[in-house]
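Everything on this sheet refers to the single structure shown next.
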Amino acid sequence: MPGLQEVRIGIVGYGMMGKAHSYGYREAPRLRDLPVRPRLQLISGRRLELVEKAASAYGVEEVTTDWRRVVERKDIDIVDICTPPGTHAEIAAAAAAEGKAVICEKPFATSYAEGKGALEAALRAGVLNAVGFNYRRLPAVSLMKRMIDDGAIGYLQLWRGCWLSDEFVDPHIPFDWRFDRRMGGTTIADLGSHLIDMAIWMVGDVAEVSAQSATFVAERADPEKQGATRPVTIDDASSALMRFASGPRGVLEMARSCVRRPCDFTIEANGTKGTLRFDYARLNELQYGDGGDAADLYGMRRIRAEHPSHPYAASWWPIGQGVGYGSSFVNQFADLLQAWPSGPWDPDFRQGLAVQGVCDAIRLDGGRERMRDVVHHRAAIATRLRADRGRSRHGK
């Protein structure tokens, strides 16, 4: 791509998300004609030998063990944050203050207050900003959004999302940052933030939630102190009822304690005229039930979201070949680079903060343990009834 302007990328973090994001940058210009060429200039990580290995594998030119060097480098245009959630807001605010465009992996922060600070920093600096809600850029999910907007299922009444994982099933997994709410966030934010983003994107703002949460393994072995344990401060599983500001109702479930469920999520929308359902295990397909079909065609049809008329599909392979997880990152970075340098970028920090607000509301409501109160209330009623029956038998 001779003659194209280069956009230099600095990635903070070299783990799974660093790998996924670097793949997205590398492949984006191969799948789509872009006005700029991304250059993977610098990547940071705390352990030099590991970040050097990652840079070699990911095609990044330089490494550093201090994320501040990424933020401060004058030749870096975009700072891409792929670190644990508890570090997101600080790095995002620092990058914005240096005049960098910022892309932050989800969840945007570990609290609404943290996220608000990062958003305000970006607004003060006037820099482009985005949050990595990549799943909305899968062709079938984008098609679902388009069909809802086009009225294919009529007035939307119900929306539900479920995400099940077996990441924390083993009680012998030692304590690490993922089990610390201040650093790892929560299962609500880790898995649920994607669902909440898609819900808000498809339906609109969430007005109210009612939630429950549970932690099944309350302590995990401390890897730094033999025989000691550390308390787990996150949820293993949470669920919530939602009321959207425009009227529809919603249901969310997210858990990392489900045996043999590696990364299974589904979303479904029910309207007055039809139903749409997406299952990540069959990510190239969208199920559609049309209430206007003839009675003898009752049921859900399968749409292969691979036709050139479908979102993103024209940039990929011929019908029948399908795409995978990586395509969501390629589409994400192609969209962002397509809008360089004037924007807008979508979803941005405002949308990330809206999602974080719902995550916080679910966490706080789920922590009230209302179900325990109900159990205690019912036990008290049963005790009183037994006492009343005893008095009746004795003529009292």
List every DSSP H helix in the chain whose Cα atoms extend 24 Å or more along the helix's own long axis and whose mean Kyte-Doolittle hydropathy is at least -0.5. 349-366
Could you work out the local net charge near Ala54, counting Lys and Arg as +1, Asp and Glu as -1, over the other residues with Cβ closer than 11 Å to its Cβ? +1
Residues whose built amide H sits under 5 Å from the amide H of Gly154, excluding neighbours closer than 5 in sequence, are Lys273
Accessible surface of Arg160 - all protein chains present, 1.4 Å probe, nearest 10 Å²: 80 Å²
Could you check the simple spin-label distance between Ala97 and Lys53, using points 7 Å along Cα→Cβ, in nm with one decimal? 3.4 nm
Limiting things to C-alpha atoms, what are the Rg and the maximum Cα-Cα separation (Dmax) for the chain, in angstroms? 23.7, 99
Using θ = phi - 60° and the Karplus curve 6.51 cos²θ - 1.76 cosθ + 1.60, what whole-Hz ³J(HN,Hα) does each residue of segment 161-173 get, with Gly and Pro shown as x? x, 9, 9, 10, 9, 10, 4, 10, 4, 6, x, 8, 4
Loop only by DSSP, 11 or fewer other Cβ within 10 Å of the Cβ. Give me the chymotrypsin sites (Phe, Trp or Tyr not before Pro) in segment 235-299 that pass, ordered by residue number. Tyr298
Under a plain spin-label model, where a point goes 7 Å from the Cα along Cα-to-Cβ, how far apart in nm are Asp150 and His307? 0.8 nm
Segment 45-107: trypsin sites (Lys or Arg not before Pro) in DSSP loop, at most 16 other beta carbons within 10 Å: Arg46, Arg47, Lys74
Local net charge near Cys359, Cβ-Cβ under 12 Å (Lys/Arg +1, Asp/Glu -1): -3
Given the protein chains as shown and a 1.4 Å probe, how many square angstrom of Asp176 are accessible, to the nearest 10? 50 Å²
I need the semi-axes of the equivalent ellipsoid of segment 1-59: take the C-alpha gyration tensor, multiply each eigenvalue by 5, square-root it, list largest first in whole angstrom. 23, 11, 8
Tell me which GluC sites (Glu not before Pro) from segment 119-228 have a DSSP coil assignment and no more than 11 other beta carbons within 10 Å of their own. Glu224
List the lysines whose Cα lies under 22 Å from the Cα of Lys53, skipping any in the same chain that are fewer than 8 positions away. Lys19
Amide H of Arg8 versus every other amide H placed in the peptide plane: which residues, excluding those fewer than 5 positions away on the same chain, fall under 5 Å? Arg39, Asp77, Ile78
Candidate lysines - alpha carbon under 21 Å from Lys145, same-chain residues fewer than 8 apart omitted: Lys106, Lys273
How far, in nm, would the chain grow between Ala314 and Ala339 when pulled straight, counting 0.36 nm per residue and subtracting the alpha carbon separation? 7.1 nm
Starting from 0.36 nm per residue, how many nanometres of slack lie between Gln157 and Arg260 once their C-alpha separation is accounted for? 33.9 nm
Taking the Cα centre of segment 132-263 as origin, work out the dipole magnitude from +1 charges on Lys and Arg Cβ and -1 charges on Asp and Glu Cβ, in debye rounded to 20. 260 debye
Express in whole angstrom the spacing between the alpha-carbon centres of segment 62-135 and segment 239-268. 28 Å
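The values are calculated or read from the model by the stated rules, or taken from the named source; none is laboratory data. Source: prediction; values computed, not measured. Heads up, the Cβs are rebuilt from the backbone with ideal geometry, glycines too, and the neighbour counts pull from every protein chain shown. Just the protein is used for accessible areas: all its heavy atoms, side chains included, with ligands, DNA and RNA removed. Shrake-Rupley method; radii C 1.70, N 1.55, O 1.52, S 1.80 Å.
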